[in-house]
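Heads up: the structure comes next, in structure tokens.
The values are calculated or read from the model by the stated rules, or taken from the named source; none is laboratory data. As the structure is a computational prediction, the values presented were derived from the model and not from experiment. Reconstructed Cβ throughout: ideal geometry from the backbone, glycine too, with neighbour counts over all protein chains shown.
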Amino acid sequence: MTLERPVLAVDVVLLRILDGHLHVLLHARREEPFVGVRALPGVALRVDETLLSAARRALEKTGLPRSKIEELFIEQLASFDALYRDPRGRTVSVAHLGLCLDPGDVDRAVGTWAAVRGLRERLPFDHGHIVDTAVERLRGKVRYTNIAARLLPDTFRIEALQGVYEAILGRRLNRANFRTKLLRIGLIELVGVSTEAVGRRGGRPAHLYRFSSGEVAPEDRDFV
């Protein structure tokens, strides 16, 4: 009996927030099947590289600068092993979730940022399912970790932080309750006030905050 050797692939869901909504980085496929169709960046794993190295190599297909790729937050998401997910043959994908704040210039000839909302049915393979899984993972982790830090600068206004949470969760949050709860559990801390000029109508400069820890780590309880 001849045994087919499955291909181990790595696909990457790189997310950022644009115009108040989650966007995912796609690239135009250069080979069959689905040539010219936008898809998640992915590669077949080489024998001489780790899964993380393969994920970073996959992102190079989008035109994302290599220097930026090395700085990205990337973690394993899940394995996808449906029998007929790839028409070329048996392929298992270890998908990864990535987050970025400022990706630099993406080569628009090969890479584009697409709004996650309404995107699922237009992606090839099972990439729509992979994107859905990534968004659900992010929605879960934003409730009990400081993972939102990967989508914000080191210091930020509370409005910016709330905007990140609302874009991820897909719903509005009460500003006063949101700030009070995150300060009470020590997830964020006040660091000063903005040096930006106050508007014509006057008022006090905006407060600036930062996450108490620089590492993505779980908290004791769900806080959103």
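Would you confirm whether or not region 79-90 contains a residue that is of a type in the set (Asp, Glu) and more than 16 Å from the chain's Cα centre (by Cα)?
Within region 79-90, one or more residues are of a type in the set (Asp, Glu) and more than 16 Å from the chain's Cα centre (by Cα).
Can you tell me which of (1) closer than 13 Å to Leu26 by Cβ; (2) in a helix (DSSP H, G or I); (3) out of contact with any strand residue (DSSP E or B) (no Cβ under 8 Å at 6 or more places or on another chain) is the one Val131 doesn't meet?
All conditions pass for Val131, except number (3).
Looking at (1) loosely packed, with under 15 Cβ neighbours inside 10 Å; (2) outside the structural domain of Pro103 (by TED's automatic domain parsing), which one does Glu136 not meet, given that it meets all the others?
With (1) loosely packed, with under 15 Cβ neighbours inside 10 Å; (2) outside the structural domain of Pro103 (by TED's automatic domain parsing) applied to Glu136, the lone miss is (2).
Could you check region 101-126 and list, in sequence order, the residues that are in contact with an Asp or Glu (Cβ under 8 Å, 6 or more places away or on another chain) and crowded, with 20+ Cβ neighbours inside 10 Å?
Result: Phe125, single match.
Do we find that Ala58 is buried (at least 19 other Cβ atoms within 10 Å of the Cβ), over 17 Å from Ala134 (Cα atoms) and among the hydrophobic types (A, V, I, L, M, F, W, C) in this structure?
Spelling it out, it is not the case that Ala58 is buried (at least 19 other Cβ atoms within 10 Å of the Cβ), over 17 Å from Ala134 (Cα atoms) and among the hydrophobic types (A, V, I, L, M, F, W, C).
Please indicate, with yes or no, whether at least one residue in region 11-18 is closer than 21 Å to Thr133 by Cα, loosely packed, with under 15 Cβ neighbours inside 10 Å and under 15 Å from the mean Cα position of the chain (by Cα).
Within region 11-18 (the criterion being closer than 21 Å to Thr133 by Cα, loosely packed, with under 15 Cβ neighbours inside 10 Å and under 15 Å from the mean Cα position of the chain (by Cα)), the answer is yes, since at least one residue qualifies.
Taking region 155-186 as the region of interest, how many residues are farther than 30 Å from Gly118 by Cα and either at pLDDT below 95 or part of a helix (DSSP H, G or I) (or both)?
First, pick out the residues of region 155-186 that are farther than 30 Å from Gly118 by Cα: 155, 176-177, 179-186.
From what's left, either at pLDDT below 95 or part of a helix (DSSP H, G or I) (or both): 176-177, 179-186.
Number satisfying all stated conditions: 10.
Is it the case that some residue within region 145-153 is part of a loop (DSSP other than H, G, I, E, B) and more than 22 Å from Ala217 (Cα to Cα)?
Quick first cut of region 145-153, residues part of a loop (DSSP other than H, G, I, E, B) only: 146, 152-153.
Keeping just the survivors that are more than 22 Å from Ala217 (Cα to Cα) gives none.
Taking every residue of region 145-153 in turn, none turns out to be part of a loop (DSSP other than H, G, I, E, B) and more than 22 Å from Ala217 (Cα to Cα).
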